[in-house]
Amino acid sequence: MRYSGTVLVAGATGRTGQWVVKRLKHYGIDYRLFVRSGEKALEIFGPEVVDRLTIGSIEHESDIDAAVKNADAVICAVGGNVTDPESPPPSAIDRDGVMRLASRSKERGVERFILVSSLAVTKPDHPLNKYGNVLMMKLEGENEVRRLYSEKGFSYTILRPGGLVDGGESLQHEMVFDTGDRIETGTINRSDVAEAAVEALWIPEAQNLTFELIQQEATSQDSFERYYKQVASSLDT
């Protein structure tokens with residue numbers, strides 16, 4: 001059975017967020033968009049999303065409150081632009097923004113929170129931390145999601161993808177799911193990150209799970225359910 005609730009996509013106009021919306025539409029799941037630019041959202045998704053838009057920023061509680069109204073789940077695909085000196089720093093988006101979004105979502109009764117984070121967040125010496133400690137900021141955001149959404153009646157899923165690739169359609173590669181930040185390197189299509197995030201809405205083994213994911217050789221898949229079951233089973237042994 002697919003997910004029957006309403007999903008808010010934060011960061012919907014980003015390259016990964018766009019794929020999340022595509023996969024939600026593929027499965028016929030009701031969705032809403034939380035974006036900084038309504039003009040950009042309309043350019044990407046067309047006029048059909050006019051009534052699904054909340055324009056605002058995860059930097060502001062009032063914007064979040066408006067966005068999460070009537071949502072049953074949030075898929076957060078936001079990320080700071082570390083290459084643009086005029087953009088907010090990772091501390092404002094990947095840490096404080098994610099923490100604020102999770103806190104206000106829970107306060108408003110949103111039961112599921114799915115966060116797209118990054119491989120290597122537990123490794124402070126990683127080269128990416130030269131850019132505003134971006135991985136360390138993501139880890140702090142993760143920690144708050146886990147703290148808030150571990151309570152009874154709520155659940156989270158945190159995805160830590162490898163290097164993001166603007167590849168083709170979803171479900172066209174063998175995958176590796178693992179925990180403990182043991183995967184040293186690897187890449188993954190944004191479309192498959194989106195697929196894993198959306199499937200986490202209804203796969204029981206995805207609940208309260210933090211995991212890493214990368215792609216391997218090309219092969220057609222029906223779903224990622226078996227990977228979720230494998231990684232959940234490894235935690236039980």
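The values are calculated or read from the model by the stated rules, or taken from the named source; none is laboratory data. Given the structure is predicted, the values throughout are model-derived calculations rather than measurements. So basically every Cβ, Gly included, is an ideal-geometry build from the backbone, and we count neighbours across all protein chains shown. Note: areas computed on protein heavy atoms with side chains; ligands, DNA, RNA excluded. Shrake-Rupley method; radii C 1.70, N 1.55, O 1.52, S 1.80 Å.
Quick notes
- Residues that are in contact (Cβ under 8 Å) with a residue 60 or more places away in the chain, of a type in the set (Val, Ile, Thr) and over 20 Å from Tyr27 (Cβ atoms) occur at least once in region 213-233.
- Exactly one residue out of Pro89, Pro85 is modelled with pLDDT under 95, under 24 Å from Leu139 (Cα atoms), open to solvent by less than 80 Å² (accessible area, probe 1.4 Å) and not basic (Lys, Arg), and it is Pro89.
- Looking only at region 27-56, and only at residues there that are of a type in the set (Gly, Ala, Ser) and touching a residue at least 12 places away in the same chain (Cβ under 8 Å), the one that is surrounded by the fewest Cβ atoms within 10 Å (Cβ to Cβ): Gly28
- If you filter region 126-135 down to residues that are open to solvent by 70 Å² or more (accessible area, probe 1.4 Å) and of a type outside the set (Lys, Arg), you find that the one that is farthest from the chain's Cα centre (by Cα) is Pro127.
- Summed over region 171-202, the residues that are open to solvent by 10 Å² or more (accessible area, probe 1.4 Å), of a type in the set (Val, Ile, Thr) and either in a loop (DSSP other than H, G, I, E, B) or farther than 12 Å from Ile214 by Cα (or both) give a count of 3.
- Test for Ser91: is it touching a residue at least 12 places away in the same chain (Cβ under 8 Å) and over 25 Å from Arg112 (Cβ atoms): yes
- Qualifying residue in region 146-169 (condition: small (Gly, Ala, Ser) and crowded, with 23+ Cβ neighbours inside 10 Å): no
- Note on region 181-201: among residues that are among the acidic types (Asp, Glu) and at pLDDT 95 or above, the one that is nearest to Leu135 (Cα to Cα) is Asp192.
- Test: residue in region 99-112 that is surrounded by 17 or more Cβ atoms within 10 Å (Cβ to Cβ), under 21 Å from Gly186 (Cβ atoms) and either among the polar types (S, T, N, Q) or at pLDDT 95 or above (or both): no
- Identity of the residue in region 135-156, part of a helix (DSSP H, G or I) and either among the basic types (Lys, Arg) or modelled with pLDDT under 95 (or both), that ends up farthest from Thr16 (Cα to Cα): Arg147
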